[in-house]
1. Could you report the accessible area of His309 in Å², rounded to 10, computed with a 1.4 Å probe on the protein chains as they sit in the structure?
2. Sorting Tyr212, Tyr220 by accessible area (1.4 Å probe), largest first, what list results?
3. Given Cβ point charges of +1 (Lys, Arg) and -1 (Asp, Glu) and nothing else, what value in debye, to the nearest 20, does the dipole of the chain about its Cα centre take?
4. Within 10 Å, count the other beta carbons around each residue, average over each peptide in 177-183, 273-279, and list them highest first.
5. Run the helix sum for the chain: -39,500 (n - 2.57) per DSSP H stretch of 4+ residues, divided by residue count, reported at 222 nm to the nearest 500 deg cm²/dmol.
6. Counting heavy atoms of the protein chains only and a 1.4 Å probe, report the per residue accessible area for the chain as a whole number of Å².
7. Name the long-range amide H neighbours of Ser353: under 5 Å, sequence gap of 5 or more, or other chain; modelled H, no Pro or chain starts.
8. How far, in degrees from 0 to 90, does helix 156-165 lean away from the longest principal axis of the Cα atoms of the chain, to the nearest 10?
Amino acid sequence: MFLFGLSHSVEVVSFLSKRSSPHFYCRSGMHTVGKLMKVFVTRRIPQEGMKILSAAGVCEVSLWDSEEPVPRTELLKGVQGAQGLLCLLSDKIDTEVLDAAGPNLKVISTLSVGFDHLDLDEIKKRGIRVGYTPDVLTDATAELTVALLLSTARRLPEGVEEVKNGGWSSWKPLWLCGYGLSGSTVGIIGLGRIGMAIAKRLMPFGVKRLLYSGRTAKAYAAEVNGEFVPLDTLLSESDFIIVSCSLTPETQGLCDKAFFSKMKNTAVFVNSSRGAVVNQEDLYQALKNGQIAAAGLDVTTPEPLPTNHPLLTLKNCVVLPHIGSATYSTRGIMSDLAARNLLGGLQGTDMPSELKF
């Protein structure tokens, strides 16, 4: 089932099983297999990364040739004997996977800024290096967050639907009215790289106050006149609340019934961080009961969100399929960085973005 190849050639041949399920690319090269390190790539990734691995001439690459996640059984087979693993956020890398890989595994490179899918304690015990892709998706995610906020606050999906279903008749003074940013107070939970990038993009809309909460005050918040306030203050005074924090034990389930009860009933909630930061049942009740005005989500639990999920029945909830970093250039840069991280780990050299834990 596994068709291993060599990384020095750009010639690619795709194989399918009798059931037409994805197999692996086989790459032919100039070296003998015995001299190369085995690498398993868990998904079809942008060619920027594959070209780097191909040109390096040091690894034998096998790839799960599909846009869809590799099945668990195939992941366990694919990592056997591997010295390098290039994975995605959807791949749970736990003890079972590490055991299947064996003692030769040197490096795990994840094509993501998040790493909660990795069992870091177990990885550290085994001395495996980890690469990730921070910073490069900051601008794309910030842009998407602003677009999601505007779409939710100004009810754009509802408007599009009304045009399509014939609901658009004459001009009506209060029809499809939403909320504007001019003169508003915006609260950002987590003013890190992405949070700051969001803030910078929002200020030209005429935002009056920018509040933020987190572990500590940030000196750079002065660039956007950011006010460091307790979470309760942020919740009670903000017209728009954006969640842009990391998923940690402290932030998991942070946005719950008590959280939403402290918000204005005219407030708009946006989450582009991690789905598990939000208690979705509590969010549904807050939206349904009019406790808050609207919500925009680019992340959910689980992903994908089932089509029969209650949140999808609400007109005041806009759900996107986790596309925060989905620009061609950003995904290409992520793929490039993930490949270079992988090669650094394989060769025992510096990795452009190594996770220190």
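1. Per-residue accessible area (His309): approximately 40 Å².
2. Tyr220, Tyr212
3. Using Cβ point charges on Lys, Arg, Asp and Glu, the chain gives about 240 debye.
4. Top to bottom by mean Cβ count within 10 Å: 273-279, 177-183.
5. -8500 deg cm²/dmol
6. 48
7. Hits under the 5 Å cutoff: Tyr132.
8. Rounded to the nearest ten degrees, it is 90.
The values are calculated or read from the model by the stated rules, or taken from the named source; none is laboratory data. Since we're looking at a predicted model, the values are computed, not measured. Cβ sites come from the backbone with ideal geometry, for glycine too, and all protein chains shown count toward neighbours. Keep in mind that these areas ignore ligands, DNA and RNA; they rest on the heavy atoms of the full protein, side chains included. Shrake-Rupley method; radii C 1.70, N 1.55, O 1.52, S 1.80 Å.
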